[in-house]
1. What residue, of B:Glu179, B:Glu188, B:Glu166, is more than 19 Å from the chain's Cα centre (by Cα), without any contact (Cβ under 8 Å) to a residue 40 or more places away in the chain and loosely packed, with under 14 Cβ neighbours inside 10 Å?
2. Residue check, A:Ser54 against (1) under 24 Å from A:Ala138 (Cβ atoms); (2) more than 14 Å from chain B (Cβ to nearest Cβ), all met but one. Which one?
3. Scanning segment A:79-118 for residues that are out of contact with any helix residue (DSSP H, G or I) (no Cβ under 8 Å at 6 or more places or on another chain) and of a type in the set (Lys, Arg), which turns out nearest to the other protein chains (Cβ to nearest Cβ)?
4. Can you tell me which residues in segment B:226-247 are closer than 14 Å to B:Leu138 by Cβ and free of Cβ contacts under 8 Å to residues at least 24 places away in the same chain?
5. Scan segment A:185-208 residue by residue and report those that are under 13 Å from A:Lys172 (Cβ atoms), of a type in the set (A, V, I, L, M, F, W, C) and modelled with pLDDT of 85 or more.
6. Those residues that are over 22 Å from A:Pro9 (Cβ atoms) and free of Cβ contacts under 8 Å to residues at least 24 places away in the same chain, I need them from segment A:157-216; list them, please.
7. For segment A:276-307, what are the residues that are of a type in the set (A, V, I, L, M, F, W, C), buried (at least 19 other Cβ atoms within 10 Å of the Cβ) and within 17 Å of A:Ala340 (Cα to Cα)?
8. What is the number of the single condition among (1) in a helix (DSSP H, G or I); (2) at pLDDT below 80; (3) of a type in the set (Ser, Thr, Tyr) that A:Ser211 does not meet?
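The values are calculated or read from the model by the stated rules, or taken from the named source; none is laboratory data. In this text, all values refer to a predicted model and were calculated from it rather than measured experimentally. Here the Cβ positions follow ideal geometry from the backbone for every residue, glycine too, while neighbour counts run over all protein chains shown.
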Amino acid sequence: MNWTEKYRPKSLKDVIGNRAAKEELLKWAREWQQGKPSKKAAILYGKPGVGKTSSAYALANDFKWEVIELNASDERNREIIRKIALTGAIHEVLSIDGKFISSKEGARKLIILDEADNLYEKAGDFGGKRAIIETIKATKQPIILIANDYYELIKGSGAGLRGLCKSIEFKKVSSREIAALLKKICQMEGIVADPEVINEIARRCDGDVRSAINDLQSIAYGKRITRDMLSHLGYRDREREIFTGLRNILRAKEMRAAIREAWRIDESPDNLILWIDENLPMEYKYPDDLARAYEFLSRADVFLGRVWRRQYYGLWGYASELMTGGIAVAKKHEYRGFTAYHFPKWLRSMAASKQYRQIRLSIAKKIGKVMHCSSRKALEMLPMFKKLFADADTAARLAARFDLTEEELFFIVGDKAKEIYAEAEKLKKMEKQAVLFNFK
Amino acid sequence: MFQGKIKADFIKTIIDATAILVDEAKFRLTGDGIYGRTVDPAHVGMIDFKLNKEAFDEYNCQEETEIGVDLDKLKSTLKIAATEDLVNLEYNKDEGRLIVTIGNLKRKLALLDTSEMADTKIPSLDLPAEIVVPTVELWQAIRAAEAISDHITLIADKDGFQMIAEGDTDVVELKLSKEQLYSLKCEERVRSMFPLDYLSDMIKVARGKSDEIAINLGNDYPVRLSFEMAGGYIKIVYLLAPRIESE
């Protein structure tokens, strides 16, 4: 299970940081409790992961309010907002825990509009914000709008929101408070963690509690967290962005959503395909889904190959849509819950083997030059040369002829490189073609 | 393992009845029949239905299970069946899919994960008035009211039952005296206001299937609508939250 869900605060007092914002929020909720709020809705805004959504849910829990939510995953156009938020706002609540209390007796439902600055607005439908304003004007129930970008929310048709809502800013959470929380989580999970690693995670996350918890979970495979695990977090900043994007692509319910997500994460298709390839089997558990998805992925790969060969980047579009939209619609099942994604193994091993490959290539080039063939052909012959190099005398002559460095020799003959290199240098000094070509 | 054969009309009715509130629903398959309880996303309307095993031509359920159903998908599958056709439903845990057979046609329907679908409990409500009304009368009143307003007030007293919808300029009123009702139990006058769109959808489900609808009503309180069909083997209960009229 995802730790950010597992350890989501139950009560507002468990939400870390943002003392002033929580106080404001509490004041607003109390006004509702007494029946006469000065502002019927509140906007919680601030950077991702600082506790806006958590605070809203914790507040509802503290006041025993039923929650009606409109997630970003829903297509929140004017019609849906009216149908769910507005309807919910002017009626009593049928709570699912088997009790009915009317609003006269203080029962409320809290309507939460997450990512309100990011409404679904396709061409010709700009009614989303207007529907929110309409809802707030009519509401008999508390409403919370959550936004990362306050100005995105109140610009244009959202201008009316500023006057209608109480705006509460959530600031970055201090690394000290985040570290304390991470320690607590480790304790509850029974994990022994190096305090320095904890502090480092808390510092790196830049006030984003959610990503700090995700980072912690991603390295806490065993029951121990040691210092060397920090290196796994090296790629984090970029990875986090891709992880979210990847999740949205793999779990997209329709083609368009997956494609849009791919635009957002701004990764070239030849990289993205590696990420998808690596993580597809983590997400798609049903073999038939997986088979269909890989079918699309392989078709995307065919296009990537054509892009490379023809150097025609117009084909990227086909590759990109197949690997995102294609695999999104390939699944017949729905996948939920937490999945740990990984950095593509291929990229990691390519990075690790970079030096190795460079040496091999430089040897092949030198061989090719002498043998009048391409380095690729020389690469094919390399195993045979390794056999020839087994004899120290031959090895020295060849090394001199190909002008190999000691490092390159080490790649071919291993420990004997030093002697052979010395011998080859001697031979080179003699500069006698005859000697060089007088093979036994 | 579950297997049941049922008249297309019956299963369609149940799916339609649930689909007016939600897109996805959790159904409980038990030895006695199929149960479903769901609340709509705005928490304004609720359904509690029971499809007794007697409504089926064949019914086998060895082990109680829950399935999560994408209602639109099931609806489109059932669309090809005529009302009198028999639909065979089959489910076993290992397969994880609902197999719907209509005539020679078979569709395997992927199901949804129920673990994250909330368990809905039905609120126990103390509703002082009970009125049993002819469905036709209710439907006519709803149709007339929809033309002028988006909400409607239900009133009951010891003499009869009333529905009043007020638009900006016009008023629609249905008045049924005690004699025009199937039954009336009401000591004191009660009154609540409800959203018309929900009420209309709910009554539409009963229309042509059940002659009467039982209405339980209170003062600014939810209303309970119940009706039966297939000789009482299908029972549908709707709850609808009232509009908040004053603060």
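1. Working: B:Glu188 fails: without any contact (Cβ under 8 Å) to a residue 40 or more places away in the chain; B:Glu166 fails: loosely packed, with under 14 Cβ neighbours inside 10 Å.
Just one listed residue meets the conditions, B:Glu179.
2. (1)
3. A:Lys99
4. Hit for segment B:226-247 is B:Ser226, nothing else.
5. Passing the criteria: only A:Ala202.
6. A:Ala159, A:Arg162, A:Gly163, A:Pro195
7. Selection gives A:Ile276, A:Leu280.
8. Among (1) in a helix (DSSP H, G or I); (2) at pLDDT below 80; (3) of a type in the set (Ser, Thr, Tyr), the lone unmet condition for A:Ser211 is (2).
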